[in-house]
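*Asks:* Once you've had a glance at the structure underneath, I'll fire off some questions.
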Amino acid sequence: MKRLQAKHVAAAAASGQIPPAKKPEVALCGRSNVGKSSLINALCGQQELARVSKTPGRTRMLHFFETNAPFNLVDLPGYGFAAGPASDKKQWQSLLEAYFRNRPELCLVISLIDSRHPASKDDLGMHRFLRDCGVRWEPVATKIDKLKMGERSRNLEALRLQLGLTYKPMVFSAIDGEGRERVIHFMSDCAQGYQGNPKG
């Protein structure tokens with residue numbers, strides 16, 4: 001499957017607004033400027049499906065997308081640069097915890113990390129949180145098109161070591177589509193019960 005077909009079906013600002021799951025779900029998390037909306041749009045070949053904002057931290061709800069694949073997508077609030085009062089941030093954290101701990105249909109969280117930089121303390125904190133909630137996560141290095149080949153190899157190896165992986169993370173470019181099919185196939189595999197590492 002080269003691209004997904006998808007439509008936005010719901011948004012939730014509180015746990016009581018989370019819609020019933022119709023099939024396994026793959027959620028996307030990452031810092032507010034890592035390119036989550038761009039990745040969703042690129043996966044689906046629709047420029048306006050997920051909102052791309054010039055102001056980091058605008059995704060303040062869980063956004064649910066139905067797809068023609070064996071899974072649906074969920075866009076999670078970004079972290080790191082999200083603006084707003086502390087009470088709002090606490091509400092987002094409570095919403096995420098309710099979703100992670102009470103959603104048996106959640107089969108995978110894709111953790112997006114900017115390939116130009118190491119994983120941040122926010123990324124590592126999210127990974128610890130996901131492990132504590134018993135949720136499977138997998139890193140994807142975004143904006144890979146911005147790196148030269150030598151930088152790319154060094155950065156991916158450094159990220160592999162930092163995250164304690166036995167393999168280099170998957171990569172993605174919303175500009176030229178590199179990695180799109182591999183990411184979609186991995187999401188589909190996980191939705192159908194695959195428990196192994198991403199295949200090359």
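The values are calculated or read from the model by the stated rules, or taken from the named source; none is laboratory data. In this text, all values refer to a predicted model and were calculated from it rather than measured experimentally. What goes into the accessible areas is simple: the full protein's heavy atoms, side chains included, and nothing from ligands, DNA or RNA. Shrake-Rupley method; radii C 1.70, N 1.55, O 1.52, S 1.80 Å.
*Asks:* Using protein chains only and a probe of 1.4 angstrom, how many square angstrom of Thr142 are accessible, to the nearest 10?
*Replies:* Ignoring ligands and nucleic acids, Thr142 comes out at about 10 Å².
*Asks:* Counting pairs of alpha carbon atoms under 8 Å apart in space and at least six apart in sequence, what relative contact order in percent does the chain give?
*Replies:* 24
*Asks:* Hey, another quick one. Which aspartates and glutamates, on any chain, are close to Lys148 with Cα under 18 Å apart, when same-chain ones fewer than 8 places away are left out?
*Replies:* Output for Lys148: Asp114, Glu157, Asp176, Glu178.
*Asks:* How large, in percent, is the carbon and sulfur part of the accessible surface of the range 101-200 at a probe radius of 1.4 Å?
*Replies:* The value for the range 101-200 is 49 percent carbon and sulfur by accessible area.
*Asks:* When Rg is the radius of gyration of the Cα atoms in the range 100-200 and Rh is its Kirkwood radius, what does Rg/Rh come to?
*Replies:* A ratio of 0.96.
*Asks:* Once amide H atoms are placed 1.01 Å from N in the peptide plane, what residues at a sequence separation of 5 or more from Leu106, or on another chain, have their amide H within under 5 Å of its amide H?
*Replies:* Correct list: Glu25.
*Asks:* Going Cα to Cα from Lys146, which lysines come in below 27 Å? Please leave out same-chain ones fewer than 8 positions away.
*Replies:* The reachable lysines, counting only those whose Cα sits under 27 Å from Lys146, are Lys2, Lys36, Lys54, Lys121, Lys168, Lys199.
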